[in-house]
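K.L.:
Have a look at this one before I ask anything.
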Amino acid sequence: MDPLVIDVFDALGSPMFRLPYTSCNWSDTINDPGSLNVDVTYTTTTMKVPKGLYNQLKLWGVILAAHRYDPATDSEDVKHAGPLVDYRWDAKGRRLSLLCGGGWSLTSVRLVLNHALDTGWVDGDVLVDDEHPAGAWALTLTGSYSDIARGLVAEAMKWGALPITLPPVQGGTRTRTYSGYDVAKVADRLDDLAKLADGDEIRFDPRIRPDGSLTFDLRSQPEIVDHAWLEGGTLGAWHADLPGQRIVLSSVDGKGSGMTNQVYVIGGKHGDKTVMARVTDKHSALPLLIQSADTTHTTASELATLRQYAQSGIAYGAYPDETYSIEAGEEYPVRPGDQADMWVEDDFLGERMLKLKVTDVSGSSDSDWLTIQARERS
């Protein structure tokens with residue numbers, strides 16, 4: 001296996017230099033930026049970086065990518081990449097600690113604003129009513145959920161370039177209108193889309209092009225599955241019950257705090273009116289009526305949208321939040337969203353096959369094992 005290297009790119013993905021590092025670890029999660037942590041202990045080699053690291057490693061001005069060459073695909077396998085968001089210099093220990101986000105982080109520094117406001121902006125009161133149309137204060141996007149996610153990012157890129165590659169337009173009949181005076185982050189509105197009962201999974205996959213530049217591919221699909229280790233499938237199931245497979249069940253965590261069978265969702269207020277929706281799981285197997293409230297959608301004013309959020313809460317709350325922690329050799333190219341059937345023989349679980357969906361993947365430079373978090377597929 002080729003060594004893991006870390007390259008530094010500028011804010012738009014152009015290559016700058018290779019970073020001599022001491023250690024690193026990364027974590028990827030569905031519908032989340034993930035993170036990359038890099039430690040650099042100053043040595044003679046480090047000091048030779050042109051212009052010095054302090055002058056080069058500017059917050060939000062560079063992107064770090066941890067990757068290694070994959071001979072199977074004759075390309076660079078990017079484990080994680082993201083903009084530099086924090087650093088700490090330990091002067092006594094001569095150690096620099098860098099924290100990077102992910103591609104999703106780039107959308108956290110842009111607001112959902114119609115670009116027409118850039119030239120038409122006027123400081124003062126914003127009045128929107130029957131006599132004063134919203135005009136440029138409204139950003140209306142149509143199509144599939146993927147198209148709406150694409151539209152949010154595309155509008156953000158009109159305000160300034162980002163190293164993001166957009167997917168093709170799919171077409172569809174869904175519509176979302178975003179009010180500029182809400183000054184919401186693009187990342188938050190993408191998260192809202194992902195939380196709908198029938199919403200997409202969203203990822204920004206880092207990719208190093210043949211010319212050496214870096215881009216993040218926006219992917220928005222009902223379910224993103226890069227690999228499927230399934231019983232009877234091409235890749236075959238995982239066997240934690242057999243020696244030599246480099247698949248190990250580490251732990252199982254079950255939490256009941258998120259369980260519910262009746263969800264109330266509170267939306268936006270209009271004068272003295274508040275939009276609310278409720279969904280009840282009438283076929284719930286739970287022995288108790290467990291009520292819960294979702295108050296995070298105060299800008300949503302469409303009743304149908306609120307019901308979608310309530311249905312999503314019912315779907316996630318119908319079962320315990322069971323998380324399976326698994327260790328897998330890095331020869332398994334596991335990504336968040338992947339599926340796996342895993343055979344186990346365990347004192348607590350017994351002998352069974354778990355039908356899993358991967359939600360989190362993390363790794364480090366000092367180990368050829370991945371740490372995986374998964375839940376059972378519905």
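K.L.:
Return yes or no: is Asp86 surrounded by fewer than 24 Cβ atoms within 10 Å (Cβ to Cβ), acidic (Asp, Glu) and at pLDDT 95 or above?
P.N.:
Numbers: surrounded by fewer than 24 Cβ atoms within 10 Å (Cβ to Cβ): yes; acidic (Asp, Glu): yes; at pLDDT 95 or above: yes.
Answer is yes for this residue.
K.L.:
Would you pick out the residues in segment 202-217 that are at negative phi and either modelled with pLDDT under 95 or surrounded by fewer than 16 Cβ atoms within 10 Å (Cβ to Cβ) (or both)?
P.N.:
In the first step, residues of segment 202-217 are kept if they are at negative phi; the result is 202-211, 213-217.
Once the filter is applied, which keeps residues that are at negative phi and either modelled with pLDDT under 95 or surrounded by fewer than 16 Cβ atoms within 10 Å (Cβ to Cβ) (or both), segment 202-217 yields Arg209, Pro210, Asp211, Ser213, Asp217.
K.L.:
Looking only at residues that are within 18 Å of Ala184 (Cβ to Cβ) and of a type in the set (A, V, I, L, M) in segment 113-132, which one is modelled with the lowest pLDDT? Steps first, please.
P.N.:
Quick first cut of segment 113-132, residues within 18 Å of Ala184 (Cβ to Cβ) only: 113-118, 121, 126, 128.
Retained after the next criterion (residues that are of a type in the set (A, V, I, L, M)): 113, 116-117, 126, 128.
Numbers: Leu113: 95, Ala116: 92, Leu117: 91, Val126: 76, Val128: 71.
Checked segment 113-132; the qualifying residue modelled with the lowest pLDDT is Val128.
K.L.:
Here's something else I'd like to know. Output the qualifying pairs, or none if there are none: Cβ atoms under 6 angstrom, residues six or more apart or on different chains, first residue in segment 330-353 and loosely packed, with under 12 Cβ neighbours inside 10 Å, second residue outside any loop (DSSP other than H, G, I, E, B) and modelled with pLDDT under 95.
P.N.:
Note: pairs meeting the criteria are Glu351/Glu345.
K.L.:
Do we find that Arg176 is at negative phi, surrounded by 14 or more Cβ atoms within 10 Å (Cβ to Cβ), of a type outside the set (A, V, I, L, M, F, W, C) and not in a helix (DSSP H, G or I) in this structure? Reasoning before the result, please.
P.N.:
Values: at negative phi: yes; surrounded by 14 or more Cβ atoms within 10 Å (Cβ to Cβ): yes; of a type outside the set (A, V, I, L, M, F, W, C): yes; not in a helix (DSSP H, G or I): yes.
Judged against the criteria, Arg176 is a match.
K.L.:
Farther than 30 Å from Lys357 by Cβ and either over 20 Å from the mean Cα position of the chain (by Cα) or touching a residue at least 12 places away in the same chain (Cβ under 8 Å) (or both), is that true of Pro20? Let's see the steps before the verdict.
P.N.:
Working: farther than 30 Å from Lys357 by Cβ: yes; either over 20 Å from the mean Cα position of the chain (by Cα) or touching a residue at least 12 places away in the same chain (Cβ under 8 Å) (or both): yes.
Spelling it out, Pro20 is indeed farther than 30 Å from Lys357 by Cβ and either over 20 Å from the mean Cα position of the chain (by Cα) or touching a residue at least 12 places away in the same chain (Cβ under 8 Å) (or both).
K.L.:
Sticking with this structure for a sec: Quick one: which of Ser312, Ser257, Ser284, Ser220 is small (Gly, Ala, Ser), modelled with pLDDT of 95 or more and either surrounded by 13 or more Cβ atoms within 10 Å (Cβ to Cβ) or part of a loop (DSSP other than H, G, I, E, B) (or both)?
P.N.:
Details: Ser312 fails: modelled with pLDDT of 95 or more; Ser257 fails: modelled with pLDDT of 95 or more; Ser284 fails: modelled with pLDDT of 95 or more.
The conditions single out Ser220.
K.L.:
In segment 26-47, how many residues are touching a residue at least 12 places away in the same chain (Cβ under 8 Å) and out of contact with any His (no Cβ under 9 Å at 6 or more places or on another chain)?
P.N.:
Of segment 26-47, the ones touching a residue at least 12 places away in the same chain (Cβ under 8 Å) are 26-43, 45-46.
Add one more test, that the residue is out of contact with any His (no Cβ under 9 Å at 6 or more places or on another chain), and what stays is 29-33, 37-43, 45-46.
Adding up the residues that qualify gives 14.
K.L.:
Restricting to segment 130-186, name every residue that is hydrophobic (A, V, I, L, M, F, W, C), touching a residue at least 60 places away in the same chain (Cβ under 8 Å), under 21 Å from Glu302 (Cα atoms) and in contact with a helix residue (DSSP H, G or I) (Cβ under 9 Å, 6 or more places away or on another chain). Before you say what the answer is, go through the steps one by one.
P.N.:
Start the filter on segment 130-186 by keeping residues that are hydrophobic (A, V, I, L, M, F, W, C), which leaves 134, 136-139, 141, 148-149, 152-154, 156-157, 159, 161-162, 164, 166, 169, 183-184, 186.
Among the residues that remain, those that are also touching a residue at least 60 places away in the same chain (Cβ under 8 Å) are: 149, 153, 161-162, 164, 183-184, 186.
Imposing the further condition that a residue be under 21 Å from Glu302 (Cα atoms) reduces the set to 149, 183-184, 186.
Matches in segment 130-186: Ala149, Ala184, Val186.
K.L.:
So, one more: Of the conditions (1) more than 19 Å from Lys185 (Cα to Cα); (2) under 26 Å from the mean Cα position of the chain (by Cα); (3) charged (D, E, K, R); (4) surrounded by 14 or more Cβ atoms within 10 Å (Cβ to Cβ), Arg110 clears all except one; give me its number.
P.N.:
Result: Arg110 passes all but (1).
K.L.:
In this structure, does Asp241 turn out to be surrounded by fewer than 19 Cβ atoms within 10 Å (Cβ to Cβ) and in the same structural domain as Leu152 (by TED's automatic domain parsing)?
P.N.:
Numbers: surrounded by fewer than 19 Cβ atoms within 10 Å (Cβ to Cβ): yes; in the same structural domain as Leu152 (by TED's automatic domain parsing): no.
In short, no.
K.L.:
Next question. Given the options Ile224, Ile202, Ile208, name the one that is touching a His at 6+ places or on another chain (Cβ under 7 Å) and touching a residue at least 24 places away in the same chain (Cβ under 8 Å).
P.N.:
Numbers: Ile224 fails: touching a His at 6+ places or on another chain (Cβ under 7 Å); Ile202 fails: touching a His at 6+ places or on another chain (Cβ under 7 Å).
On inspection, the qualifying residue turns out to be Ile208.
K.L.:
Take the residues of segment 263-281 that are at negative phi and not in a strand (DSSP E or B): which is modelled with the highest pLDDT? Let's see the steps before the verdict.
P.N.:
If we filter segment 263-281 for residues that are at negative phi, which is where we start, we get 263-270, 272-281.
Filter once more, keeping what is not in a strand (DSSP E or B): 272, 281.
Working: Asp272: 68, Asp281: 91.
Residue satisfying both the conditions and the ranking: Asp281.
K.L.:
Enumerate the strands (runs of 3 or more DSSP E) found wholly within segment 1-93, keeping only those where 3 or more residues are hydroxyl-bearing (Ser, Thr, Tyr).
P.N.:
Values: elements: 5-10, 15-18, 23-29, 35-41, 62-70, 75-90.
Ranges flagged: 23-29.
K.L.:
Right, here's the next one. Does Gly135 qualify as being surrounded by fewer than 13 Cβ atoms within 10 Å (Cβ to Cβ), among the small types (Gly, Ala, Ser) and modelled with pLDDT of 95 or more? I'd like the intermediate steps shown before the answer.
P.N.:
On the way: surrounded by fewer than 13 Cβ atoms within 10 Å (Cβ to Cβ): yes; among the small types (Gly, Ala, Ser): yes; modelled with pLDDT of 95 or more: no.
No, not satisfied.
The values are calculated or read from the model by the stated rules, or taken from the named source; none is laboratory data. Small disclaimer: the values here were computed from a predicted structure and weren't measured. Note: ideal-geometry Cβ built from the backbone for every residue, glycine included; neighbour counts use all protein chains shown.
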